Each structure stands twice: as C-alpha cells, then as structure tokens.
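Structure, as structure tokens:
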Amino acid sequence: MTVTPPRTNETSGQVADARRFDLRRLRALVYKESLQALRDPSTLLIAFVLPVVLLFLFAYAVSLDAKHVRVGVVLESEGASAQTLAAAFSATDYLDARFVHDRREVADMLVSGELRGYVVIPQDFEQRMALRGSEPLVQIITDGSYPNTANYVENYSRGIVQSWRTGLDVGAPPLTIMLEPRYWFNAELESRRALVPGAIAIVMTIIGTMLTALVVAREWERGTMEAVLSTPASVTEILIGKLLPYFVLGMLATLGAAALAVYVFDVPLRGSLAALMLLSATFMVPALGQGLLISSLARNQFLAAQIALFSGFLPAFMLSGFLFEINAMPAPIRALTWLIPARYFVESLKTVFLAGDIWAVFMLNLLAMAAIGALFFVLAKRVTRKNLEN
C-alpha cells in the first residue's frame, strides 16, 4: 500500500500566496464596488444631492449675523433730545425699531416673541440729561430666553445711546486717540463665510462615515460580505477595495462643495486648491475608517446608522468648532474634542478659505487626522480578520 505524504507545507504556501497583496484582485474589487455604488440611487443621493442641500441650508437658513433685530422704542418724552435719540435708533440697519408712546404696547409684543427687547426713553429724559450722568438716561429690557440676542440688543442699544450722547458734547476737546477696528480674514463679519467651510466638513463626515457604515452593513445583512471574505483576497485588499470608490466620491463631493462655496455663496478661497484637496483626502482617512469599523461591529443598517449618527455626525456638528467655540466649552469637553477628526478639518478649512495656505497650521492638523485614521483602520482590520476566522 502506497501512502501519500501530507502536503501541509505546500497547501499552506498556496494559501499564503493567495492571501498576498495582489493589484489584479484589488482592481477587480474596486471595479465591483464602483459598479455597486453607481447602481445604488441612495449612494448617489447622499454623495451629490445631500451636500448641495446641506450647504444651502447652512448658507441661508443658519446665520449668526444679528441684523434687523426687532426692538421697540418707547418714546414717553416729547422733548427735542428724546426725538433725536429715537432717530438714532431708526438710522441703523442692525435694529428694526418700532416706536410707541406707552410701554404697555411693547410688553405684550416681547412676551409673544414679536420683539426681542425694547428701550424706554422716560418722561423726565430732559431732566436726566441735565444731571450729567448721575441718573441713567434710558431703560433697556431684553428677552432673556435668547441670551445671545439679548446681549446683542443690550450692547448695541448702549452703544447707540453713548454715541448719540458723545455727539451732543460739541464743546468737548477732540479725542487725541482714534480707534479704528479692523477684522482680519472676514472683514464684513459675514457668518456665511465661516459657516460654509465648516459645513463642508459636516458633508464629508456624512459621506465618509455614514455612507460607508450603511453600505458595508448592508452587505453583512444580505450575506454578500461573507462571500467576499471567503475569496482568496486578503483583508487589506478587501478593505481598500471597499473604501476606494467612496474615497473618490468624497473627493468629487469636496470639489462640488468648494465650487458652490466660491461661486454661489461668495466665500473666498485664499489658499490653493491643492492644499484643499490634500486636507480633504487626509480627513477621508479617519472618516472612512470610522465608518468601516462601525459596519464591522454592527452588521445591521439601522444600528450602523444610529452609531454613525451619535459617534460621527453629532460630534462633528457639536464639538468641531463649526458652530460653537471650543475655547468656551468646559475643560472635559475641550479635552474630548481632541479625539474628533472634524475639529482639525474645520480649523484647516477655515484657514485655507479665509486666510490662505498656512502650513504651520495644516501640518499639525494633517498629522492628527492621519493618526486617528490609522487607529480606526487598524481596529477595523482586526475586527474584520476576526470575522473571517470565525
């Protein structure tokens, strides 16, 4: 009887050869994923339609500019000085003043939200002026349920009164020091120019994290992911093949969003397009890695979407400096923002759009995004390999 010796080493060598990185297999996987992405209407909607909708919302519906704030001016005095002060309130575009003669008329408007505050010019206004500052000239009442607007109304009303009072002191000696403020990077103080670059980061987070998590989780649900894992392709080839088409979609979406920002929303691009694309490409690494890790842990589309929302979109929206100043946050929250990739991307986008190519800022942010992305990919690869072994 002839006994054939076991060919364990040869078989193991064939498996090892099959698991080596192969560009032909990678091209086939990328081609397969590209076709799948192009045939999926939801993927195209998220990649190309949703960014346009979000940018228009952030550019026009969300505004931090306080202009034409509705306030009331109660003119209880009939004196000439009171009339000129009331005219000063009507001469500015920042306040939309409504004039009445009885404060009871504006009190109900303040309660209903029709007004954000009102200024009372009292009956004894002329006598108060004669006292030269020993008595307040006017009373300012604001709606405290909107703290930022309330502070704005109070400060701007004080400024109007002080400027008006200074203009009356014609006999005073001229000031020896003139203060003329200048605002760098956004001279017009338009919030749109600060919001639109940050909105691009939110759009990229949605495309990179949520889209990847949903697409890969869908394959786990349908069982096609197990079929891909059973092929000779290595884990690295599978991960790159899965993510490369969505990386390209993200970069195309970045180009489209940048074109909208410059040509539609009038946001200047003072830096170079090459720097913008480099920043976006680096940010896609942690975004895609996070989406892949989520889909590997949660093989259900609904669960993957929820995890992506709470771990990707909401932190990028709340903790990136897009809407809220990071320096104004409590210390524990500020420490948490260092783990959010969008924090570095928002800062870099505002710099490249409004300031220019400041590589001292870019390099630190690029390194931070790359490090976080590498961590996500290492974890995703380990989880995927564990799924393959099981």
Identify which of the listed values of semi-axes √(5λ) of the Cα gyration tensor in Å was calculated from the structure shown: (1) 36, 24, 19; (2) 28, 26, 21; (3) 62, 20, 17. (3)
Where Cα atoms sit under 22 Å apart: lysine pairs in the chain separated by 8 or more or lying on different chains: 4
Please give the calculated 222 nm ellipticity per residue for the chain, where each DSSP H segment of at least 4 residues contributes -39500 (n - 2.57) and the sum is spread over every residue; nearest 500 deg cm²/dmol? -19500 deg cm²/dmol
Using mean Cβ contacts within 10 Å as the protection proxy, how do 74-84, 157-167, 278-288 order, highest first? 278-288, 74-84, 157-167
Modelled label-to-label distance, ASP22 and THR236, 7 Å Cα→beta-carbon offset: nm? 1.5 nm
Mean separation of Cα contacts under 8 Å (6+ apart) over length of the chain, as relative contact order %: 19 percent
Any chance you could check the Cα centroid distance between the range 204-218 and the range 81-157 for me, in angstrom? 51 Å
Per-residue counts of other Cβ atoms within 10 Å, averaged by peptide: what ranking do you get for 208-221, 34-47, 302-315, highest first? 208-221, 302-315, 34-47
Here the gain from full extension of ALA355 to GLN83, 0.36 nm per residue of separation minus their alpha-carbon distance, amounts to 93.5 nm
By Kyte-Doolittle mean hydropathy of at least 1.6 and Cα axial length of at least 15 Å, which whole DSSP H helices of the chain are selected? 235-263, 273-297
Taking the range 69-168 and dividing mean pair separation by its residue count, relative contact order in percent (alpha carbons under 8 Å, at least six apart): 31 percent
Estimated translational D of the range 278-318 in µm²/s (Stokes, Kirkwood radius over Cα pairs; 37 °C; 0.692 mPa s): 308 µm²/s
Largest first and in whole Å, give the semi-axes of the range 69-168's equivalent ellipsoid, each being the square root of 5 times a Cα gyration tensor eigenvalue. 21, 14, 12
Average projected area [Cα convex hull, the range 231-294], square nanometres: 5.2 nm²
Please list, ordered by chain and number, the residues whose modelled amide H lies under 5 Å from the amide H of GLU76; skip anything fewer than 5 residues away on the same chain. ILE121
So for the range 260-370, averaging the separation of alpha carbon pairs under 8 Å that are six or more residues apart and normalising by length, what relative contact order in percent results? 42 percent
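None of the figures in this text is laboratory data; all of them are computed from the coordinates on show. On a predicted model such as this, the values are computed, not experimentally measured, just so you know. Note that each Cβ is placed from the backbone with ideal geometry, even for glycine, and that neighbours are counted across all protein chains shown.
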